[in-house]
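Have a look at the structure below, then the notes.
Just so you know, all these numbers are worked out from the coordinates, no wet-lab data involved. Just so it is clear, the model here is predicted, and its values are computed rather than measured. Reconstructed Cβ throughout: ideal geometry from the backbone, glycine too, with neighbour counts over all protein chains shown.
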Amino acid sequence: MLSSFDDFPIHQTSHPVARTGSSDLNHYDRYFFSGYTRDTRLYFAAAMGLYPNRHVADASFSVVVDGGTADARQINVHASRRAPTDRRDANRVGPIEVEVIEPLTTLRIVVEAPEHGIRCDLTFTRRSPAMEEPHFFHQVGQRVVMDSTRLTQFGKWNGWIEIDGETTQLAAGDTFGCRDRSWGIRTVGERAPTGAPVADPQFFWLWAPINFEGFSTHFDVNEHFDGRRWHESGFIATAGDATSPANSNDATAPVRIAEQAPATAMRAVDYRLTWRPGTRAVETFELDMIPWDGPPSTVILEPLFDFHMMGLGYTHPEWGHGVWKGELEVAGDRWDLPVDDLTAPQHVHIQTMVKATTSGAMGVHEGLGVLEQFVIGRHDPSGLSGIFDGA
């Protein structure tokens, strides 16, 4: 079926754009965004996914208010619709819209769901170039469960968020975060029989994008139950809001976006952690950024509070990704923080807001970011057993 995007020279197969390169039901194309204020009292995140072979599109927006205080709460809005055939219509799901203003540089999120307590108009502007992570490929037995590309990019936010009628203005100098884009194949939608079992359920994922004043660091690992890694990446990126005399007679002229140096990929990354007793959530965490040349740097992450990815549909019992809900359905939910049981299946996947401190080759700097944790099944190096058993 032809669509408007077929008029552009973007084809990667011999078929129209509306037809995916794979007929796998789990083909997906997804946005993720996160942001936080310097005082960490407000944390927000958004996600939007398209699942062409399931004919579903969905999106969520989620906010933590008064993070780290006795009044902390997480408020969410979810939406799901029949996926449009024409990709130019795929940027809106119900009250949630993602607009690409300038590719790889500026994007905008608009949410209009006052009946669920959330309205916003937020613009993301890059601090770093987009970083293409090593390709994700994971196979269980003969079944490919992940085959995808992902980019991560650091940025700053401006605009406003209204929560339960109270509006907060966000300034780009005080609100930072990151975004990612991924596409390919990964498990989504209603669970289906997979035949004979070939392995115990297991997934180990750590992801830590951190913003500092003049740069950003990025880290992630996926590991098997015995600690062998099937994916890892590490980058250090100079912030685009630094100043430089590049192509200018004015030594204080801002760096033009096009003149930013590419992020520097690390030769290796490593980490050390301890779990909060009785949970699969991190209590202490240190990561090492090991460059190709020169000495390494260490980043110590201090947990502040948790954001539950269920607010964006991850592990959500009702609003999971790629699940058919109807032609258009919208709903909201909320809960107090911290939750009572961090080992409940819907609460295992979290992003922990962290304060970060560097040492080593990078010198001493302080920053803010998140440490995402999604750990299912045994993980021998860190002492986890069972499916959701706590440490």
Worksheet item: Which stretch or stretches of the range 357-391 have amide N atoms under 19 Å from the point lying 7 Å from GLU213's Cα along the Cα→Cβ direction?
Response: 357-369
Discussion item. Using a 7 Å offset from the Cα along the Cα-to-Cβ direction at both GLU190 and LEU2, what is the distance between the two label points in nm, to one decimal?
Written reply: 3.5 nm
Item to complete: For LYS355 and ILE387, calculate 0.36 nm times their separation in residues minus their Cα-Cα distance, and state this gained length in nm to one decimal.
Response: 8.6 nm
Fill in: Options GLY377, TRP183, THR279, ranked by Cα towards positive dipole end of the chain, top entry (Cβ charges)
TRP183
Practice prompt. Please report, in debye to the nearest 20, how large the charge dipole of the chain is about its Cα centre when each Lys and Arg carries +1 at its beta carbon and each Asp and Glu carries -1 there.
Written response: 720 debye
Fill in: Separation in nanometres of the label points that stand 7 Å from Cα toward Cβ, at ASP86 and ILE10
1.4 nm
Discussion item. Quick check: the distance between the Cα centres of the range 358-389 and the range 55-90, to the nearest angstrom?
Written reply: 26 Å
Worksheet item: What span do the alpha-carbon atoms of the range 286-337 cover on each of the three principal axes, reported in whole Å from largest to smallest?
Response: 56, 28, 14
Discussion item. Debye calculation, C-alpha points only, no solvent: report log10 I(q)/I(0) for the chain at q = 0.10, 0.13 Å⁻¹, in the same order as the q values.
Written reply: -0.66, -1.18
Fill in: Rg/Rg_globular for the range 1-158, with Rg_globular taken as 2.2 N^0.38 Å and Rg from C-alpha atoms
1.16
Discussion item. Can you sort MET266, MET310, MET1 from fewest to most other Cβ atoms within 10 Å of each residue's own Cβ?
Written reply: MET1, MET266, MET310
Worksheet entry | Stretch gain in nm, segment THR149-GLU366, where the contour uses 0.36 nm per residue and the Cα spacing is subtracted | 75.1 nm
Worksheet item: Expressed as a rounded percentage, what relative contact order does the chain have, with Cα pairs under 8 Å and six or more residues apart?
Response: 16 percent
Item to complete: Give me PHE124, PHE204 ranked fewest to most by other Cβ atoms within 10 Å of their Cβ, as a rough exposure proxy.
Response: PHE204, PHE124
Worksheet entry | Radius, Kirkwood style, for the range 145-188 when every pair of distinct Cα atoms is counted (Å) | 13.0 Å
Practice prompt. Per residue of the range 384-391, in order, report the coupling 6.51 cos²θ - 1.76 cosθ + 1.60 (Karplus, θ = phi - 60°) as ³J(HN,Hα) in whole Hz, putting x for Gly and Pro.
Written response: 8, 9, x, 8, 10, 4, x, 5
Worksheet item: Could you give the dipole magnitude of the range 308-391 about its Cα centre, charging the beta-carbon of Lys and Arg +1 and that of Asp and Glu -1, in debye to the nearest 20?
Response: 260 debye
Worksheet entry | Residue exposure sequence - GLU133, GLU327 - by fewest surrounding Cβ within 10 Å | GLU327, GLU133
Discussion item. I want the local charge near GLY311. Using Cβ-Cβ distances under 14 Å, sum +1 for each Lys or Arg and -1 for each Asp or Glu among the other residues.
Written reply: -4
Worksheet item: When the chain is fully extended, how far beyond the present Cα-Cα distance does PHE137 get from THR343, taking 0.36 nm per residue of separation?
Response: 71.4 nm
Worksheet item: In the chain, with Lys and Arg counted as +1 and Asp and Glu as -1 at Cβ, which of these residues, ALA265, VAL77, THR125, has the Cα nearest the positive end of the dipole, that is, farthest along it?
Response: ALA265
Response to the item:
The rounded separation in angstrom of the Cα centers of the range 176-201 and the range 334-351 is 20 Å
